[in-house]
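Report on one structure; see the data block that follows.
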Amino acid sequence: GREVLIQNNEIKLSRKILSNYQKKPYKFALSFSICFVILVSLSFILTNFITGIGTSWSPFIVYNQNQLYLALKSNSNFILGSDISISDDILPVNFFGNFDGNNYKILVNTTNQNYLINNNYGEIKNLNIVYNDFEKELSSNFSFLVNSNLGNLQNINITCNELKLNCNKLQNSIIYVS
């Protein structure tokens, strides 16, 4: 099916035009590759967030510590889907999203946790935080949830099963614990 043309000491080959039957394997390979990329992308998303896409009408639903950390970093919309436990320190992040605790609990099982969020610029609501054992040496003001709040906090309940505040470094001072 190809034409060979010799002209002025040059050999020219025409392009081979493929029939629809000959194009089928290439179309299949391309379609399979696209589907594979989509499936790999979706599986990555689903391993981090079970449902939702992070919008106000379809928020991410968070079920564990890793998902919570990823959601806080994503600055999107998310809700808790169950009580979750934090056993390791989560690095405080700057938060710009919307977090609905859905009246579930975050159980904090570490004594080294200072606060969950460094700077809050978003909205956090309907959240219960329970510190099992909390010990802190106070040298300045202290917050359990956010270091600096420039956003909106609504219906936040914080409970400490055992709270130990060491105030030896404070003399003639007023501190605020929130």
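Here are some notes:
- Exactly one residue out of 91, 18, 116 is surrounded by fewer than 19 Cβ atoms within 10 Å (Cβ to Cβ), of a type in the set (A, V, I, L, M, F, W, C), at pLDDT below 85 and under 17 Å from residue 147 (Cα atoms), and it is 91.
- Within the stretch 140-153, the residues that satisfy the criterion of being open to solvent by less than 80 Å² (accessible area, probe 1.4 Å) and modelled with pLDDT of 70 or more are 143, 144, 145, 146, 148, 149, 151, 152, 153.
- One residue stands out among those in the stretch 55-66 that are of a type in the set (A, V, I, L, M, F, W, C) and open to solvent by less than 40 Å² (accessible area, probe 1.4 Å): the one that is nearest to residue 83 (Cα to Cα), which is 62.
- Within the stretch 67-84, the only residue that satisfies the criterion of being buried (at least 17 other Cβ atoms within 10 Å of the Cβ), in contact with a helix residue (DSSP H, G or I) (Cβ under 7 Å, 6 or more places away or on another chain) and assigned to a helix (DSSP H, G or I) is 67.
The values are calculated or read from the model by the stated rules, or taken from the named source; none is laboratory data. Everything numeric in this text was worked out from a predicted model, so none of it was measured. All Cβ positions, glycine included, derive from the backbone under ideal geometry; neighbour counts span all protein chains shown. Just so you know, the surface numbers come from the protein's heavy atoms only, side chains and all, with ligands and any DNA or RNA stripped out. Shrake-Rupley method; radii C 1.70, N 1.55, O 1.52, S 1.80 Å.
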